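The values are calculated or read from the model by the stated rules, or taken from the named source; none is laboratory data. Quantities reported herein were computed from a predicted structural model and do not represent experimental measurements. Using ideal geometry, Cβ is built from the backbone for each residue, glycine included, and neighbour counts are taken over all protein chains shown. In case anyone asks, the SASA skips ligands and DNA or RNA and just uses the protein heavy atoms, side chains included. Shrake-Rupley method; radii C 1.70, N 1.55, O 1.52, S 1.80 Å.
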Amino acid sequence: MFFLNFWVIIYIYDLNKQLIEDLVKEYPFLKVDISGRTVLGRGIFSFSLGSLHNSVIIAGGFDGSDGISPLLLYMFIEDVCRSIKEKQELCGVNIRRALSQLGITVIPSVNPDGREINLYGTKGARALGKFVSSLDCDSFSAWKSNSRGVDIRKNFTGNFEKFKKREAENGITSPSPSDFTGEYPESEAETKALTRLCRVRSFRQCLSVSSGDETLISAPDNHLIPESELMSKIIAQGCSYPLLQTEDEDICGFPFWFSKEMKRPAFELKADETGTYEDCDKIYEKVKEAFTVFSLM
């Protein structure tokens, strides 16, 4: 796979842009947009295929320490593109035909600043290097937040107050390498970019992808949506992950927010976090059917 062979380049932002240009040259039908920019000016890239008016959204890379989910999503983008170009099925589905009526939008890295800081420390923080170094981070390999010290996973309405309560219990009162929810919901450029895109495009369902304990979590408000129970079972079967129903803050803020505000099905898929990048092809093989069936339901 193209992106598997060049996984290191994906996390070097400037080279990543060149890689995206090469991908578009190979697959000119792939639509690439910048949904927003971080406070450091890095673009939050979105990739769309098929119809823009009947589309799903899949997003990953909320956590700066999560290097697995962006790679899995780039691999899925390439798989879909190649299936379209070569007129081949993907997981037994005629993708070319399906995407004549349906659409897929993927944001592999919602938090590119956080990822760069996780990899390169203050150098990745650019103009905010001094601020980032002041946040008492023992090791930048544990950095999860964006460049303003806000944990993007927790900066959405819906379960914001629950996250805020847990934050206070843990003594976190200001920007931090992880777990600080922000001053108010959607305070961050990354969060605003994602919610704005959802409100404008009115996606029919959402999937948040992260690294974790190999589970699929159904958003709490999914029980109000009749079709979501069957969808949950089909997606879980596609990756052989156990399905969890949650009423608390264990789900990422994005699908929690999406199910409440958009009143449409929302899920979080936690892929294996124990493997190395060299294992990503094996991890991807576990989840690609889940990505595919989610996109086309």
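Some notes on this structure:
- Any hit, segment 203-218, residues being touching a residue at least 40 places away in the same chain (Cβ under 8 Å), open to solvent by 50 Å² or more (accessible area, probe 1.4 Å) and under 30 Å from Ser240 (Cα atoms): yes
- Considering segment 174-201, the residues that are part of a loop (DSSP other than H, G, I, E, B), in contact with a helix residue (DSSP H, G or I) (Cβ under 7 Å, 6 or more places away or on another chain) and open to solvent by less than 10 Å² (accessible area, probe 1.4 Å) include one that is farthest from Leu135 (Cα to Cα), namely Glu188.
- In segment 146-153, the count of residues that are in a helix (DSSP H, G or I), in contact with a helix residue (DSSP H, G or I) (Cβ under 6 Å, 6 or more places away or on another chain) and touching a residue at least 24 places away in the same chain (Cβ under 8 Å) is one or more.
- Residue satisfying condition, being assigned to a helix (DSSP H, G or I), closer than 30 Å to Thr181 by Cβ and touching a residue at least 40 places away in the same chain (Cβ under 8 Å), within set Ser46, Ser69, Ser35, Ser65: Ser69
Matching residues to (1) open to solvent by 30 Å² or more (accessible area, probe 1.4 Å); (2) under 30 Å from Cys137 (Cβ atoms):
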site: Ile57; (1), (2): no, no
site: Gly61; (1), (2): no, yes
site: Asp66; (1), (2): no, yes
site: Leu73; (1), (2): no, yes
site: Glu89; (1), (2): yes, no
site: Gln101; (1), (2): yes, no
site: Thr105; (1), (2): no, no
site: Asn111; (1), (2): no, yes
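- Qualifying positions in segment 241-297 - among the aliphatic types (A, V, I, L, M), within 19 Å of Thr105 (Cβ to Cβ) and either surrounded by fewer than 24 Cβ atoms within 10 Å (Cβ to Cβ) or modelled with pLDDT under 95 (or both): Met262, Val293, Leu296, Met297
- Inside segment 18-41, residues that are of a type outside the set (A, V, I, L, M) and exposed (fewer than 14 other Cβ atoms within 10 Å of the Cβ) make up a count of 8.
- Screening Lys130 on (1) outside any helix (DSSP H, G or I); (2) without any contact (Cβ under 8 Å) to a residue 60 or more places away in the chain shows it passes everything except condition (1).
- Qualifying residue in segment 119-141 (condition: under 21 Å from the mean Cα position of the chain (by Cα), open to solvent by 10 Å² or more (accessible area, probe 1.4 Å) and closer than 26 Å to Val24 by Cα): no
- Flag for Leu224 being among the aliphatic types (A, V, I, L, M) and touching a residue at least 60 places away in the same chain (Cβ under 8 Å): no
- Arg199 vs. criteria touching a strand residue (DSSP E or B) at 6+ places or on another chain (Cβ under 7 Å), of a type in the set (Lys, Arg) and on the phi < 0 side of the Ramachandran plot: no
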